[in-house]
Amino acid sequence: MLRQSSASPLLSLPGAVPAEAPDEGVAAHYGDLFREQRALADGTGFVDLSHRGVVTVSGPERLSWLHLLLTQHVSELPAGQATEALILSAHGHVEHAVYLVDDGTTTWLHAEPGTQEALIAYLESMKFFYRVEVADRTDAFAVVHLPAGSITEAPAGTVVRETPHGRDLFLPRADLESFAASHGPAVGVLAMEALRVEAHRPRLGLETDHRTIPHELGWIGTAVHLDKGCYRGQETVARVHNLGKPPRRLVFLHLDGSEVHLPPHGTPVRLASDGPEGRQLGFLTTSARHHELGPIALALVKRNVPVDAALLAGSTAAAQEVIVEP
């Protein structure tokens, strides 16, 4: 259960409805989901992501050290340039996803809520004699997301991670309420999730399970650099890329709009022709109601599922679009 002290103060804003797992501690929405989605799509408002873990790595060898551990090429990462990376197991399975930027003296990372302790434990175990310092900054800094196209200026001195999808601010947690008061409207995480699903962007813990390899989710290229030196799990990445295909693939689903309830994470996916009692071919990872597209979802299915096959998510009819080629 979420500690009360870790709940965002912005849950006291008018209309705030608390989010459920894995986003406890921030608002799911503030009373009007579709209005909030349209605001984000138009480049206005901000999203409170203060429940995410914040980790910093400092020291003169921080980038060369991280380069050895991450799937991304970061040894010469320019100050201010955002990137994302994974940490894999020895067998190439995804263990962590991190979103980072370096400010010239410190590398700032944010990660899924509640994963920062395991992430830090792994990083600490790999320090050896490198001149680096790893710190949990979650209690001191809150992540705030500004959508692409936003003209909001970040407060002076704020570390900013700018991507095509928007800007992530590492805002001092003490400044969160004053920022909200002057930079609204506040937008809940459900609106951001709907736009994430629309953009086919995977999320650790939702699109992943204990067997996930990066190729299955389209993380090759965005979070995995294929032409860098060794890192844990690289053998699997190289072997699948050069010699084979991943066993599963991420798909985008248009769900039957007549259903009242969205199928939840983990809902079995089957061929529509086999009916709701047919053989399970995958599972739904994230579902959302989109302000233009209606009910949509991401799902992870077996690679050999025909790309033109009609599917069922539970008992809900679903038409698929290819994200990862079979």
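The values are calculated or read from the model by the stated rules, or taken from the named source; none is laboratory data. From a predicted model like this one, the values you see are computed outputs, not experimental measurements. FYI the Cβ positions are ideal-geometry reconstructions off the backbone, even for glycines, and counts take in every protein chain you see. Only protein heavy atoms, including side chains, enter the accessible area calculation; ligands, DNA and RNA are left aside. Shrake-Rupley method; radii C 1.70, N 1.55, O 1.52, S 1.80 Å.
For residue 221, state whether it is out of contact with any Gly (no Cβ under 6 Å at 6 or more places or on another chain) and free of Cβ contacts under 8 Å to residues at least 24 places away in the same chain. Walk me through how you get there before you give the answer.
Numbers: out of contact with any Gly (no Cβ under 6 Å at 6 or more places or on another chain): yes; free of Cβ contacts under 8 Å to residues at least 24 places away in the same chain: yes.
Yes.
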Practice prompt. Among the residues of region 221-262, write down those that are within 30 Å of residue 64 (Cα to Cα) and basic (Lys, Arg).
Written response: 228, 232, 239
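Right, residue 115: open to solvent by 50 Å² or more (accessible area, probe 1.4 Å), of a type in the set (Val, Ile, Thr), farther than 30 Å from residue 38 by Cα and in contact with a strand residue (DSSP E or B) (Cβ under 7 Å, 6 or more places away or on another chain) or not?
On the way: open to solvent by 50 Å² or more (accessible area, probe 1.4 Å): no; of a type in the set (Val, Ile, Thr): yes; farther than 30 Å from residue 38 by Cα: yes; in contact with a strand residue (DSSP E or B) (Cβ under 7 Å, 6 or more places away or on another chain): yes.
So residue 115 does not fit the description; no.
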Discussion item. If a residue must be under 20 Å from the mean Cα position of the chain (by Cα), open to solvent by less than 20 Å² (accessible area, probe 1.4 Å) and among the hydrophobic types (A, V, I, L, M, F, W, C), how many such residues does region 67-98 contain?
Written reply: 10
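Condition check ((1) out of contact with any Asp or Glu (no Cβ under 6 Å at 6 or more places or on another chain); (2) without any contact (Cβ under 8 Å) to a residue 24 or more places away in the chain; (3) in a strand (DSSP E or B); (4) of a type outside the set (Gly, Ala, Ser)) across all residues:
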residue: 60; (1), (2), (3), (4): yes, no, no, yes
residue: 63; (1), (2), (3), (4): yes, no, no, yes
residue: 66; (1), (2), (3), (4): yes, no, no, yes
residue: 71; (1), (2), (3), (4): yes, no, no, yes
residue: 79; (1), (2), (3), (4): no, no, no, no
residue: 86; (1), (2), (3), (4): yes, no, yes, yes
residue: 92; (1), (2), (3), (4): yes, no, no, no
residue: 99; (1), (2), (3), (4): no, no, yes, yes
Item to complete: Would you point out which residue out of 199, 174, 191 is at pLDDT 95 or above, in contact with a helix residue (DSSP H, G or I) (Cβ under 9 Å, 6 or more places away or on another chain) and either of a type in the set (Gly, Ala, Ser) or open to solvent by 20 Å² or more (accessible area, probe 1.4 Å) (or both)?
Response: 191
Worksheet item: How about region 160-182: which of its residues are assigned to a strand (DSSP E or B), more than 11 Å from residue 101 (Cβ to Cβ) and either in contact with a Leu (Cβ under 6 Å, 6 or more places away or on another chain) or of a type in the set (Ser, Thr, Tyr) (or both)?
Response: 166
Response to the item:
Those strands (runs of 3 or more DSSP E) completely within region 270-326 that have 2 or more residues that are of a type in the set (Gly, Ala, Ser) are 282-290, 294-302, 316-322
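Sort out which residues of region 230-269 are in a loop (DSSP other than H, G, I, E, B), touching a residue at least 60 places away in the same chain (Cβ under 8 Å) and open to solvent by 40 Å² or more (accessible area, probe 1.4 Å), and write them in order of number. Show your work before the answer.
Filtering region 230-269 down to residues in a loop (DSSP other than H, G, I, E, B) leaves 230-233, 244-247, 256-267.
Now restrict to residues that are touching a residue at least 60 places away in the same chain (Cβ under 8 Å): 230-233, 245-246, 256.
Within region 230-269, 230, 232, 245, 256 meet the criteria.
Based on what the data block shows, is residue 298 open to solvent by 10 Å² or more (accessible area, probe 1.4 Å) and aliphatic (A, V, I, L, M)? Let's see the steps before the verdict.
Values: open to solvent by 10 Å² or more (accessible area, probe 1.4 Å): no; aliphatic (A, V, I, L, M): yes.
When the stated conditions are applied, residue 298 does not pass them.
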Worksheet item: Do you know which of the residues in region 129-140 that are outside any strand (DSSP E or B) and over 20 Å from residue 8 (Cα atoms) is farthest from the chain's Cα centre (by Cα)?
Response: 129
Discussion item. Quick check on residue 238: is it touching a strand residue (DSSP E or B) at 6+ places or on another chain (Cβ under 9 Å) and more than 24 Å from residue 314 (Cα to Cα)?
Written reply: no
Discussion item. Give all pairs with beta carbons closer than 6 Å in which a residue from region 144-157 that is in contact (Cβ under 8 Å) with a residue 60 or more places away in the chain meets a residue that is of a type in the set (Asp, Glu) and in a strand (DSSP E or B); count only pairs at least 6 apart in sequence or on separate chains.
Written reply: 145/168
Discussion item. Condition check: modelled with pLDDT of 95 or more, closer than 21 Å to residue 237 by Cα and aromatic (Phe, Trp, Tyr). Does residue 122 satisfy that?
Written reply: yes
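If I go through region 141-159 residue by residue, how many of them are touching a His at 6+ places or on another chain (Cβ under 7 Å), open to solvent by less than 40 Å² (accessible area, probe 1.4 Å) and part of a loop (DSSP other than H, G, I, E, B)? Steps first, please.
To start, the set of residues in region 141-159 that are touching a His at 6+ places or on another chain (Cβ under 7 Å) comprises 143, 148, 152.
Restricting the remaining residues to those that are open to solvent by less than 40 Å² (accessible area, probe 1.4 Å) gives 143, 152.
Remaining after also requiring part of a loop (DSSP other than H, G, I, E, B): 152.
Here the count works out to 1.
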